[in-house]
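What follows is a short report on a single structure.
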Amino acid sequence: VFAAPVNMAYSKAQLENYYDSGNYYTQVNAVVQKAKAQLKRAVASKGTNKLAIVIDIDETALSNYNQISALYSAVGNVGDLPNPNMLKTINNPFVDQAIRPVLSLYKQAVADDVTVFFLTGRYEYDRAGTERNLKNVGYTKWKQLILRKPAQYHIPASVYKTAARKKIEANGYDVAINIGDQYSDLRGGYSDSTYKIP
């Protein structure tokens, strides 16, 4: 309980090495390949089902890595965690890059007429910028972009996202694939298969 926390500079260096070495994308790609294979199986056996895929945005469809890295550089002391106002600046430019393996999964879904839902913890006031960012990097078609409305701001992510998937299925869709980078993106059911990327 009283042990000193791991040095933040050391942790930051480890994370940068993991990302810059290519290991991050290698592991993302490995997960996505499994999801793509499962999606093929689902399409082949769908029958009359309306198949859907649910995709998280931050660190799943889009990468905030460049903004996070720049933010920490601006802070100066890597031991200082960004405060909420600083974290807001990560998404505000809406220039996130696509996570390429996930983009390829998305393109496979679109090609196979699987309905795409983006389900994010971002807030409703970010809709215009998020839509623009998604389209600019290649995510050009979806059924719905689900963002938190004001009444949902303080609901835990797993509760909010489970309710959203439940509503998708209530509207007649079979969520074949649910992919995200946090366990809270995936818990709660209402999907046939879940895939967690690093």
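The values are calculated or read from the model by the stated rules, or taken from the named source; none is laboratory data. Just so it is clear, the model here is predicted, and its values are computed rather than measured. Neighbour counts run over all protein chains shown; Cβ positions are idealised from the backbone, glycine included. Note: accessible area is taken over every heavy atom of the protein model, side chains too, but ligands, DNA and RNA are not part of it. Shrake-Rupley method; radii C 1.70, N 1.55, O 1.52, S 1.80 Å.
Classify the stretch 89-149 from the C-alpha gyration tensor, please: rounded if a/c falls under 1.5, else prolate or oblate depending on whether a/b exceeds b/c.
Note, shape of the stretch 89-149 comes out oblate.
Among the listed pairs K12/K196; K12/K40; K12/K166, which have their C-alpha atoms separated by more than 32 angstrom in this model?
Among K12/K196; K12/K40; K12/K166, the Cα-Cα distance tops 32 Å for K12/K40; K12/K166.
In Å², what does the accessible area per residue of the stretch 104-175 work out to with a 1.4 Å probe?
Per-residue value: 50 Å².
K107: which aspartates and glutamates have alpha carbons under 16 Å from its alpha carbon, excluding same-chain residues fewer than 8 sequence positions away?
Excluding near neighbours in sequence, the set is D56.
Taking amide hydrogens as modeled 1.01 Å from N in the peptide plane, which residues meet the under 5 Å criterion relative to D192, leaving out close sequence neighbours?
Amide H neighbours of D192: V175, A176, I177.
How much of the DSSP beta bridge set in the chain is antiparallel, as a percent to the nearest 5?
Once the DSSP bridges in the chain are tallied, antiparallel ones form about 10 percent.
Return the calculated 222 nm mean residue ellipticity for the chain, to the nearest 500 deg cm²/dmol, obtained by summing -39500 (n - 2.57) across DSSP H runs with n ≥ 4 and dividing by the residue count.
-14500 deg cm²/dmol
Using label points projected 7 Å from each Cα along Cα→Cβ, tell me how many nm separate A163 and K196, to one decimal.
If labels sit at A163 and K196, their model points lie 2.3 nm apart.
Please list the non-local residues whose amide H lies under 5 Å from the amide H of E59, H modeled 1.01 Å from N, same-chain partners needing a gap of 5 or more.
Sorted by chain and number, the residues that satisfy this are N64.
Give me the number: length gained by fully extending N49 to I68, i.e. 0.36 nm times residue separation minus the C-alpha to C-alpha distance, one decimal in nm.
2.8 nm
Report, in order of residue number, the helices in the chain meeting two criteria: a C-alpha extent of 24 Å or more along the helix axis, and a mean Kyte-Doolittle hydropathy of at least -0.5; treat each whole DSSP H run as one helix.
23-44
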